[in-house]
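Peer 1: The structure that follows is given in the form of structure tokens.
The values are calculated or read from the model by the stated rules, or taken from the named source; none is laboratory data. Please read all numbers here as calculations on a predicted model, not as lab measurements. Neighbour counts run over all protein chains shown; Cβ positions are idealised from the backbone, glycine included. SASA here: full protein model, heavy atoms, side chains in, ligands and nucleic acids out. Shrake-Rupley method; radii C 1.70, N 1.55, O 1.52, S 1.80 Å.
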Amino acid sequence: MIRLTLKDLKLFITDFKAVLLTFMLPIILVTLFTIGFGGISGGRKSNPIKLLVSDQDSTEMTQNIITKLDSLKELDIEQLSLTKAKKAIREGKRMAVLTFYKGCTDSIKNGNNVPMEIFYDESREAEIGLLQQALISNLIGMIGQQKIKKNIFNLIDEKNANLSPALLSSIHQQVEEQFEKLQSKNENPVTRGMSLKMTKLFADEEPNWALIQAVAGVSVMMLLFSVAGMGATLLEEKEKGTLKRLLYSPINPLEILFGKMLYTFIIALIQLFILFIFAWLVFNLEIFSNLPALIMLLIATAFACSSFGIFLASICKSRKQVESLSTIIILVMSAIGGSMMPYFLMPPFMKKMAMFSVNHWSIQGMYDIFYRHLPTIHIVNKSLILLSIGIIISLIALNRFKKHILKVA
Amino acid sequence: MIEIKNLHKSYGKIQAIKGIDITINEGEFYGLLGPNGAGKTTTINILSTILKPDKGDVFINGIDLKTESKKCKNFIGIVPQEIALYDDLSAYDNLVFWGKLYKINCSLLSKRINELLDLMGLEQRKNHKIKTFSGGMKRRINIACALLHSPKILLMDEPTVGVDPQSRNFIFEALQKLHQQGTTIIYTTHYMEEVEKLCDKISIIDYGKIIAQGSINELKKLSKISESIIIHSDSELKNKTEIISNSIENKFDVSDDFIKFYCKNINSDLSKIINKLNAIGINITNIELKKTNLETLFLELTGRKLRD
């Protein structure tokens, strides 16, 4: 078995193109994905959401609301006419416009429904979700404050109908001042109750999720492509007749399969280690924060992926079949497993499907290590799942190998 | 040494072998001759233990192949039809890899590799990658790989397909040396010249059955067709029939421009006939020899040519 593995490693090393593709391509892709996800500029500071506002009411109150929204760090407000704003959204330049219609201020003052509306690009659902989080809590707080103030004034007027207008006006003034005081102390009773306070859990030590996503996602996806190619060498042996010659020799036929698996596992492990060392050197990924857990997870990932490579070879009849089938399966697995888009942005049904992919368990394990900083036991669990996946598909591959590949004559 | 009894093998509905019986003695150079699809490779695959027969027995050195196949592998060397080598490894590295599968120790293996490279005339190219070799050179390394563990029995499945004349000669010389050293060789081919040149005994196989078996001379005797010499001449042959019959013992047929002499031994009769025809004044313009060979025998037995 070892001799077969060493032979394959020697053949691999002599193939300069294969070495380059196996190790350089993932590095290039990780770099591109990291840049694409914004991981280099630093995930510690997220960019504010650009929101268009069309103020058709143009009153002091609506302008105050707009100014307050603009002061929020989550939002970057730009005012435009509704027509121009809609055009910008249609052209994909912006994702939404918040419109204050004529009569907005009056409605707020009278406690009626406020005529305002958001037009958005539904294709940018994920960003709209973030916008909702940032906008609704603050906007409702501001408008709600105005409405409550109006209700208090009405109540005072009703209960004190016998008071002179001057005195009532003075009471209104005092209530107004109290609202202002509370607001200046950031103790607004309305917004305190209605707004959703958003505090980042990781504060200033927030890890760079974009980098983690790029490294974890690309590393597993590229690994699957590499191992599919390596697994195909089993079929190459069959096509070239060397498998037949191996069977002539006194070695156990299963040693041929295990030799291939060991070779694929070694290259897979080297590929993962190189990629993570690269991410550490170039992007400061903290690979030493829980090194034992990382090593365990990488070993489990390499095992699961190498088993997948051999499994593919065992179910295909030729190398060409492996090439086409592997592309389809790997792309699907990577899409549902979170290699192409972060798991938290996936719709619920995809999140369920992700459980069936190698990518998911490996990527989430890496999030546990680098992002969530979870204890090693969490990584043990994910590693065990990966090992189980590896064992199951290895057993299927073994069965297929006996029935299918060994029929060489 | 090798005993094959009532061997049968089918692939689905196709019966590849239909009851073959062969006995091969130690040190024999045995040929399996037949057209493509005759069942030669299937027989080799069964002997090499990678294929199980449906019915029948094979004993190698008294060992039952069915029950003790692993034991047999150590004294069988197999040269497959394909060039089963790693193109990106050197000839030496290929030989090292295949040799180590037989657990030959390093120093012995190195010595053996050098001997075999010398035998195959490729010692100068040992560090070159296989992909730089010609087809014939690859074939020679292919054979060397099967000899690394010094097998007592060598199974060769069409080892000279696509080989240039120089490599073919190297291969023949190497095989003759091995034969002289006592190696039992089973050689499949559809080239009857190779069998005639190399083999002591032959089985002619067609459609999974042995249609003739024996030494070359024994097989030739099976032929009902006599060997003949056809002499073409511009002389008036029919007028000289009586003179010819008086001077030459061989039976003959005469026509206007040629005479056909039937011979028991074409080689010894040829010079006598030519000398006597010259003596009686017949001017020879052309000579045709009709020899009985395995090709003609196969044609006679099956109605088809060997290379059909």
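Peer 1: I'm trying to understand the selection: among the residues of region B:133-168, which are closer than 19 Å to B:Asp87 by Cβ and among the β-branched types (Val, Ile, Thr)?
Peer 2: Hits for region B:133-168 are B:Ile141, B:Ile143, B:Val161, B:Val163.
Peer 1: Another question, if that's okay. For region B:206-230, which residues satisfy the criterion of being open to solvent by 10 Å² or more (accessible area, probe 1.4 Å) and in a helix (DSSP H, G or I)?
Peer 2: Scanning region B:206-230 gives B:Ile216, B:Asn217, B:Glu218, B:Lys220, B:Lys221, B:Leu222.
Peer 1: I need the full set of residues from region A:1-53 which are crowded, with 16+ Cβ neighbours inside 10 Å, at pLDDT 70 or above and closer than 30 Å to A:Ile118 by Cα, in order please.
Peer 2: Residues satisfying the conditions are A:Ile49, A:Lys50, A:Leu51, A:Leu52, A:Val53.
Matching residues to (1) within 17 Å of the chain's Cα centre (by Cα); (2) of a type outside the set (Asp, Glu):
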residue: B:Phe29; (1), (2): yes, yes
residue: B:Leu33; (1), (2): yes, yes
residue: B:Gly37; (1), (2): yes, yes
residue: B:Lys40; (1), (2): yes, yes
residue: B:Ile46; (1), (2): no, yes
residue: B:Gly62; (1), (2): no, yes
residue: B:Glu68; (1), (2): no, no
residue: B:Lys71; (1), (2): no, yes
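Peer 1: Further question: May I ask you to list the residues in region B:1-39 that are open to solvent by 40 Å² or more (accessible area, probe 1.4 Å) and assigned to a loop (DSSP other than H, G, I, E, B)?
Peer 2: The answer is B:Met1, B:Gly12, B:Lys13, B:Asn25, B:Glu26, B:Asn36, B:Gly37.
Peer 1: Something else: Report yes if some residue within region A:61-80 is in contact with a Cys (Cβ under 8 Å, 6 or more places away or on another chain), modelled with pLDDT under 90 and buried (at least 16 other Cβ atoms within 10 Å of the Cβ); otherwise report no.
Peer 2: yes
Peer 1: Could you grab the pairs with beta carbons closer than 6 Å, sequence gap of 6+ or different chains, first residue in region B:78-96 and closer than 30 Å to B:Gly37 by Cβ, second one surrounded by fewer than 19 Cβ atoms within 10 Å (Cβ to Cβ) and at pLDDT 90 or above?
Peer 2: What qualifies is B:Asp87/B:Lys131.
Peer 1: If we only count helices (runs of 4 or more DSSP H) wholly inside region A:60-173, which ones have 1 or more residues that are of a type outside the set (Lys, Arg) and under 30 Å from A:Pro347 (Cα atoms)?
Peer 2: Passing ranges, in order: A:60-71, A:82-90, A:125-159.
Peer 1: For residues that are facing another protein chain (nearest Cβ under 10 Å) and of a type in the set (D, E, K, R), tally how many sit in region A:246-260.
Peer 2: Result for region A:246-260: 1.
Peer 1: Name the pairs whose Cβ atoms lie under 8 Å apart, with the first residue in region A:81-95 and in the same structural domain as A:Asp121 (by TED's automatic domain parsing) and over 18 Å from A:Ile49 (Cβ atoms), the second surrounded by 18 or more Cβ atoms within 10 Å (Cβ to Cβ) and polar (S, T, N, Q), and 6 or more positions between them or separate chains?
Peer 2: Correct list of pairs: A:Ser81/A:Ser54; A:Leu82/A:Ser54; A:Leu82/A:Thr99.
Peer 1: Something else: Taking region B:170-205, which residues are surrounded by 20 or more Cβ atoms within 10 Å (Cβ to Cβ) and of a type in the set (Asp, Glu)?
Peer 2: Correct list: B:Glu194 only.
Peer 1: For region B:40-53: of the residues being open to solvent by 10 Å² or more (accessible area, probe 1.4 Å) and part of a loop (DSSP other than H, G, I, E, B), which is nearest to B:Gly77 (Cα to Cα)?
Peer 2: The extreme case among them is B:Thr49.
Peer 1: Continuing with this model, one more query. Can you tell me which residue is surrounded by the most Cβ atoms within 10 Å (Cβ to Cβ) among those in region B:111-158 that are under 22 Å from A:Thr14 (Cα atoms) and free of Cβ contacts under 8 Å to residues at least 12 places away in the same chain?
Peer 2: Within region B:111-158, the match that is surrounded by the most Cβ atoms within 10 Å (Cβ to Cβ) is B:Thr132.
Peer 1: Of the numbered conditions (1) buried (at least 17 other Cβ atoms within 10 Å of the Cβ); (2) out of contact with any Ser or Thr (no Cβ under 7 Å at 6 or more places or on another chain), B:Ile274 fails exactly one; give the number of that condition.
Peer 2: (1)
Peer 1: Please list, ordered by residue number, the strands (runs of 3 or more DSSP E) wholly in region B:54-167 having 3 or more residues that are more than 14 Å from chain A (Cβ to nearest Cβ).
Peer 2: By residue number, B:55-60.
Peer 1: Would it be correct to say that A:Leu312 is in contact with a Phe, Trp or Tyr (Cβ under 6 Å, 6 or more places away or on another chain) and either assigned to a helix (DSSP H, G or I) or of a type outside the set (Asp, Glu) (or both)?
Peer 2: Answer is no for this residue.
Peer 1: Of the conditions (1) exposed (fewer than 12 other Cβ atoms within 10 Å of the Cβ); (2) touching a residue at least 12 places away in the same chain (Cβ under 8 Å); (3) within 38 Å of the chain's Cα centre (by Cα), A:Gly129 satisfies every one except a single condition; which number is it?
Peer 2: In the conditions (1) exposed (fewer than 12 other Cβ atoms within 10 Å of the Cβ); (2) touching a residue at least 12 places away in the same chain (Cβ under 8 Å); (3) within 38 Å of the chain's Cα centre (by Cα), A:Gly129 misses (2) alone.
Peer 1: Of all residues in region A:222-245 being at the interface with another protein chain (Cβ under 7 Å from one of its Cβ atoms) and crowded, with 20+ Cβ neighbours inside 10 Å, which is nearest to B:Val79 (Cα to Cα)?
Peer 2: A:Arg245
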